[in-house]
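For reference, the structure is listed below as structure tokens.
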Amino acid sequence: MRLSRFFLPTLKEIPAEAQIVSHRLMLRAGLVRQTASGIYAWLPAGLRVLRNISEVVRQEQDAIGAQEVLMPTLQPAELWRRSGRYDAYGPEMLRIRDRHERDLLYGPTNEEMITDLFGQSVKSYRELPQVLYHIQWKFRDEVRPRFGVMRGREFLMKDAYSFDIDHASAVASYHRMMLAYLRTFQRLGVKAIPMVADTGPIGGELSHEFIILAPTGESGVFYDGAFETHDWLAEPVDVDDPASLQAFFARTTAFYAATDEKHDEAAWSTVAPERRREGRGIEVGHIFHFGTKYTGSMGVSVSGPDGQPVFPQMGSYGIGVSRLVGAIIEASHDEAGIIWPDGVAPFPAAILNLKPGDAACDALCERLYAAAPGRLLLDDRAERAGVKFNDADLLGHPWQFVVGPRGAAAGRVELKRRATGERSEIDASDALSKIAALA
Ligand code: ATP
Ligand code: MG
């Protein structure tokens, strides 16, 4: 993409309504614009980030055998009357009436719809387990939308739903999902700690929130620093073996981690003092086993091994995909702007042409750019070098290839790593191999 042609409305003035750093940076860097309270339009650079995050989420869901579907945003009220939640849900639900006076709603979540879809087609225990997910917009009419995309009214969520024949199998589905989440967040470059969460009126032991540490987070958190260094991608788990999953779960939950609601001073005091991490955190995911709550209330059963009807055991598993954009920025920025983790950034690298019109600069930039035009951002604007450096740091490109007239004449490029500020001078041929590796 050529920056001279790219729709990237950056802002110099910090908008007054933006209270937290991620919101300010998302507006300044031209990622989103608010169209109504808590409702945002995603501009090209922001949409690229949202897509990158969705893709990592999708790959890790697929890796544990979850299957992608796409359910609509609008749902008939009838479904929610069946589960009893239509009246219970309260004012956060956006209720709509169509021209035939039928009650609809903009989905805040999809348990009812997926349970109904499942019930229409699955008749036997032999077809279980099933895990289905989608990545779809949700609407919750939050009392106080704030912090930009972190607490919006319309937001993008990955929500998955598991159906199992019995409790043991449902627990294995839950463990599998926990592993997928830990891998997803690691690949997104953030440390999201699983914390025991309240299961609410349904009870039960299986609910975890995944929380990223950030001073602007809405929950107080306490956890063992051992979580920070663990490599979940290297975790040796056989996802088809319940015993292996159980062992992984036991290892993971042996470390202390809790939000203030669940905090236990006695258990906390057993964590080595140098490993105690205390602060505030942002909930980016939530997994929940709730048994037969929906299959039971909606009358969805399958025939079990002995021919008797059984209500399948369910779990639901959410990731706040659009919230993650803000949460990643909260966790990864400096005074100059965003520091995107690799794999999340709108572009893995940018090329800065410090002197457009200079024959050597133009030629070298075009050569580098041609190596991966769809993946690179070429700053070809007629602007001062300082403006280009500032914008590149604001946008947070993980790698920046800086091409100035003197270097270009000698076939040299300066390569800057955004995260560390490290710079090195390299040959054009090395720059080309680096680009090939990134793209
Ligand atoms: P919160 O406690 O932050 O209101 P929640 O517990 O109501 O969230 P869930 O129903 O668990 O949310 O939804 C799954 C995920 O969707 C959350 O972990 C969060 O990342 C995301 N999410 C929930 N509400 C919003 C929102 N208003 N804006 C953006 N993302 C949201
Ligand atoms: Mg939650």
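The values are calculated or read from the model by the stated rules, or taken from the named source; none is laboratory data. Remember, predicted model here, so these are calculated numbers, not experimental data. As a convention, Cβ positions derive from the backbone with ideal geometry for all residues, glycine included, and neighbour counts pool all protein chains shown. Heavy atoms of the whole protein, side chains included, go into the accessibility calculation; ligands, DNA and RNA do not. Shrake-Rupley method; radii C 1.70, N 1.55, O 1.52, S 1.80 Å.
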(request) Over the stretch 37-115, average the accessible area per residue using a 1.4 Å probe and give it in Å², no decimals. (result) 48
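Classify the stretch 99-210: rounded, prolate or oblate, from the alpha-carbon gyration tensor (a ≥ b ≥ c, eigenvalue square roots; a/c under 1.5 rounded; otherwise prolate if a/b is larger than b/c)?
oblate
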(request) Could you state the angle between the C-alpha long axis of helix 111-121 and the longest principal axis of the C-alpha atoms of the chain, as a value from 0 to 90 degrees rounded to the nearest 10? (result) 70
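For every other residue with a beta carbon closer than 11 angstrom to the beta carbon of E383, add +1 if it is Lys or Arg and -1 if Asp or Glu, then tell me the sum.
Working: positive: K355, R381, R384, K388; negative: D379, D380, D391.
Within the 11 Å Cβ shell, the charges total +1.
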(message) Under 10 Å, Cα contacts only: if you run a Gaussian network model on the chain, which one of I53, I211, I20 comes out with the highest mean-square fluctuation?
(response) I20
(request) Take the chain, connect every pair of alpha-carbon atoms lying under 10 Å apart with a spring to form a Gaussian network, then pick out the residue of V221, V237, V143 with the largest mean-square fluctuation. (result) V143
(message) Which three numbers, in whole Å and largest first, are the semi-axes of the equivalent ellipsoid of the stretch 349-438 derived from its Cα gyration tensor as √(5λ)?
(response) 16, 16, 13
(message) As I understand it, the dipole of the stretch 192-303 uses +1 on the Cβ of Lys and Arg and -1 on the Cβ of Asp and Glu, about the Cα centre. Which of I287, T199, F249 lies farthest toward its positive end?
(response) T199
(request) Could you please state, rounded to a whole Å, how far the C-alpha centre of the stretch 108-147 is from the C-alpha centre of the stretch 198-257? (result) 23
(message) Can you tally the net charge around V413? Count Lys and Arg as +1, Asp and Glu as -1, for every other residue whose Cβ sits under 12 Å from the Cβ of V413.
(response) +2
(request) Taking every pair of Cα atoms in the chain, average 1/r, invert it to obtain the Kirkwood radius, and report Rg/Rh to two decimals. (result) 1.02
(request) Quick one: dipole size for the stretch 22-174, taken about the Cα centre, charges +1 on Lys/Arg Cβ and -1 on Asp/Glu Cβ, in debye to the nearest 20. (result) 840
(request) Leaving ligands, DNA and RNA out of it, rank S433, S332 by accessible area with a 1.4 Å probe, largest first. (result) S433, S332
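Just the accessible area per residue of the stretch 312-426, please: how many Å² with a 1.4 Å probe?
Numbers: 4210 Å² over 115 residues.
Accessible area per residue, the stretch 312-426: 37 Å².
Provide the net charge surrounding P305, with neighbours chosen by a C-beta distance below 15 Å and charges set as Lys +1, Arg +1, Asp -1, Glu -1.
Neighbour charge sum, excluding P305 itself: -2.
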(request) Work out, step by step, the length gained on full extension between A359 and A247: first 0.36 nm times the residue separation, then minus their alpha carbon distance; give nm to one decimal. (result) 34.1 nm
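Roughly how big is the stretch 349-438's charge dipole about its Cα centre, with Cβ charges of +1 (Lys, Arg) and -1 (Asp, Glu), in debye to the nearest 20?
Values: 13 positive and 13 negative charges, 29 e Å.
My answer is approximately 140 debye.
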(request) For the stretch 3-68, evaluate the Debye formula with one uniform point scatterer on each Cα (no solvent term) and list log10 I(q)/I(0) at q = 0.15, 0.21, 0.22 Å⁻¹, rounded to two decimals. (result) -0.60, -0.88, -0.92
(request) Evaluate the charge dipole of the chain about its Cα centre and quote only its size in Debye, nearest 20, assuming +1 on the Cβ of each Lys and Arg and -1 on the Cβ of each Asp and Glu. (result) 1420
(message) Output wanted: per-residue J couplings in Hz (rounded whole) for the stretch 130-139, from phi through Karplus 6.51 cos²θ - 1.76 cosθ + 1.60, θ = phi - 60°, x for Gly and Pro.
(response) 10, 10, 10, 9, 9, 10, 8, 5, 10, 10
(message) Which log10 I(q)/I(0) values does the stretch 177-333 give at q = 0.09, 0.10, 0.11, 0.18 Å⁻¹ under the Debye formula, counting every alpha carbon as one identical point scatterer?
(response) -0.34, -0.42, -0.50, -1.16
(message) Explain nothing, just compute: Karplus ³J(HN,Hα) = 6.51 cos²θ - 1.76 cosθ + 1.60, θ = phi - 60°, for every residue of the stretch 382-391 in order, whole Hz, x for Gly and Pro.
(response) 7, 10, 5, 4, x, 5, 5, 4, 4, 5
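Pop the C-beta distance of R406 and E335 into the FRET formula with R0 = 25 Å and round what comes out to the nearest 0.05.
Working: r = 29 Å, r/R0 = 1.14.
The calculated FRET efficiency here is 0.30.
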(request) Choose one answer from R146, R126, R33: the residue with the largest mean-square fluctuation in a GNM of the chain with alpha-carbon springs under 10 Å. (result) R126
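Ignoring ligands, DNA and RNA, what percent of the 1.4 Å accessible area of the stretch 21-338 is carbon and sulfur?
Numbers: 6650 of 13220 Å².
Looking at the stretch 21-338 in its full context, I get 50 percent from C and S.
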(request) Of the options F163, Q136, A45, report the single residue whose Cα projects farthest towards the positive end of the charge dipole of the stretch 44-199 (beta-carbon charges: Lys, Arg +1; Asp, Glu -1). (result) A45
(message) As I understand it, the dipole of the chain uses +1 on the Cβ of Lys and Arg and -1 on the Cβ of Asp and Glu, about the Cα centre. Which of A439, S4, T73 lies farthest toward its positive end?
(response) S4
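Quick check for you: with a 1.4 Å probe and neighbouring chains kept, what is the accessible area per residue of the stretch 198-263, in Å²?
Details: 3050 Å² over 66 residues.
Ligands and nucleic acids excluded, the figure is 46 Å² per residue.
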